[in-house]
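What follows is calculated from the coordinates using simple rules that are stated; it is not laboratory data. Quantities reported herein were computed from a predicted structural model and do not represent experimental measurements. Here the Cβ is made from the backbone with ideal geometry for all residues, glycine too, and neighbour counts use every protein chain on show.
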Amino acid sequence: MPDLISLGECMVELYCDGSIAEAPHFYKAYGGDTLNTAVAAARLGASAGFISKFGDDPFAPFLRAEIEREGVDLRCCPTVAGSNGLYLISLGTKGEREFTYYRAGSAASTLAPADLDPDYIRAARLLHASGISQAISESSRRAVRSAFEIARGAGVRTSFDPNFRPKLWSPASAREGLEEILPLTEVFLPSAADDGGALLGTRDASEIAAFALGRGVGIVAVKQGEAGCALATSAGLRRIDGRASRPVDTSGAGDAFNGGFLYGLLLGLDPADAARLGVTTAGLKVEGRGAVRSLPRRERVAGAARDEPWSAALSGAQGPRRRDAGSRVVAYIDGGSRGNPGPAGAGVYFELEGKPWRGVYEYLGRGTNNFAEYSALLRALDWAREAGFRGIEIYSDSELLVRQMRGDYRVKSPNLQALHREASDRMKWFERHSIRHVPRERNTRADALANKAMDLQRSGEDRYDS
């Protein structure tokens, strides 16, 4: 049974760049606040499950396959007659977002107390829900309360994020729902800007925390965007600084924090260190596109926090599936930018047993050629590790990168020194590893993927399977 269970809504996401009204193309994904939290925790190593309903429309197989690929348990998500909710989202050049929702009467909104499996909830260690889970229908609101009552009765920890959305319900109704669920909540995860101002009439973290603690909540983490969070317990309030990031898309940043923070608690971290894991997870997430797609995996978070004492707990979490001792993958890597610096992309082409296996491409934002080359190397190491390989052969047409990784040439640029250290550390994940130079004419597939990342930066795509 999963350790962390989220209850709520999954929707189809269609995203574009620029105005929704004027966009010529939309790209398919999925999302939902509590589902995002479950995926965020699962990518860090948590055993996660989801409670909801899927509609039997043409999107249902896509949703189920994509979520199960993340390792999220869906045994309590039956497919029923009806439609799945859908939302359109656009992202502007400065990260501003535009949403349009079609969710009324969705299959997820029909969730009711009778649909809950009490044994599934009782077997968990932590149950998470949100104000959106309450707001999508009256029956779903009752289901949230019933699930929390079951959890608390079994000694299962509970977590709640108000996540107020004025298009779903009024501040008065949301405040009523909050008052209803707080006595059953152990961990409270509000946003100072979106929840505090609308529901409590204050954005002051200490006042928000005092409100929740006064109603019996044990741990309060007030999210404050790039500033980090304010953490409050009976022992007092302390500030947890945010992580310096290059924001590309803030969609789902709060959900990423929730996933990291809750997983930290499950790992046995004290609340302050769990909050640091949360802000690190959120800080890495906003550097990529999409609410789910850019959620970081355990190795990336552990690498970013390697100097933090608490990162040992994350590094010691159950690792990815291990392949046979002799298994080894070959990765051809390439990175480039159009301008130096300019729009940059990374591409990785994998071969397994001499045959095409997987291609990965990622738009990196603005950067130099050298930054893009190192980014491609880091992506190759991440993917090979996540797939469970014990050995890796890497080929790059950047003679400079190869010489630097072999120690034959010193890294002079301060901006590249951190990337070099990170890549050197990740190489140590593998029992056997090598990196070699290859002529550009033999690296055409990785080069094509890097160019695809730059060409399709507006799509937000980052990978495909060959």
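At a glance:
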quantity: Restricting the range 361-423 to chymotrypsin sites (Phe, Trp or Tyr not before Pro) in coil, as DSSP defines it, with at most 16 other Cβ within 10 Å; calculated: 409
quantity: Rounded if a/c under 1.5, otherwise prolate or oblate - the range 195-282, Cα gyration tensor axes; calculated: oblate
quantity: Sequence ranges 29-38, 397-406, ranked by mean other-Cβ count within 10 angstrom, highest first; calculated: 29-38, 397-406
quantity: Length-normalised contact order of the chain in % [C-alpha pairs under 8 Å, at least 6 apart]; calculated: 11
quantity: Non-local Lys pairs in the range 4-315, i.e. 8 or more apart or on different chains, that have alpha carbons under 25 Å apart; calculated: 10
quantity: Charge tally in the Cβ shell below 13 Å around residue 167, where Lys, Arg are +1 and Asp, Glu are -1, residue 167 excluded; calculated: 0
quantity: Sum of -39500 (n - 2.57) over DSSP H runs of 4+, divided by residues of the chain (222 nm, nearest 500); calculated: -10500 deg cm²/dmol
quantity: Cα gyration tensor shape of the range 328-464, rounded if a/c is under 1.5, else prolate or oblate by comparing a/b with b/c; calculated: oblate
quantity: 11 Å beta-carbon shell around residue 10, net charge (K/R +1, D/E -1); calculated: -1
quantity: Sparse-neighbourhood loop sites, trypsin sites (Lys or Arg not before Pro) in the range 20-113 - DSSP loop, at most 13 other Cβ within 10 angstrom; calculated: 94
quantity: Amide hydrogen neighbours beyond the local backbone of residue 51, cut-off 5 Å, H modeled; calculated: 6, 7, 8
quantity: Net charge over other residues, Cβ less than 15 angstrom from the Cβ of residue 74 (K, R count +1; D, E count -1); calculated: -4
quantity: Antiparallel %, DSSP beta bridges [both residues in the chain], to 5; calculated: 50
quantity: Trypsin sites (Lys or Arg not before Pro) restricted to DSSP loop in the range 160-215 with at most 16 other C-beta within 10 Å; calculated: 167, 215
quantity: DSSP beta bridge pairing in the range 323-419, given as percent antiparallel to the nearest 5; calculated: 75
quantity: Gyration tensor (alpha-carbon) shape descriptor, the range 107-188, a/c threshold 1.5; calculated: oblate
quantity: Alpha-carbon centroid distance for the pair the range 357-431 / the range 245-318, whole angstrom; calculated: 21
quantity: The range 328-464 - percent relative contact order, Cα under 8 Å, separation 6 or more; calculated: 35
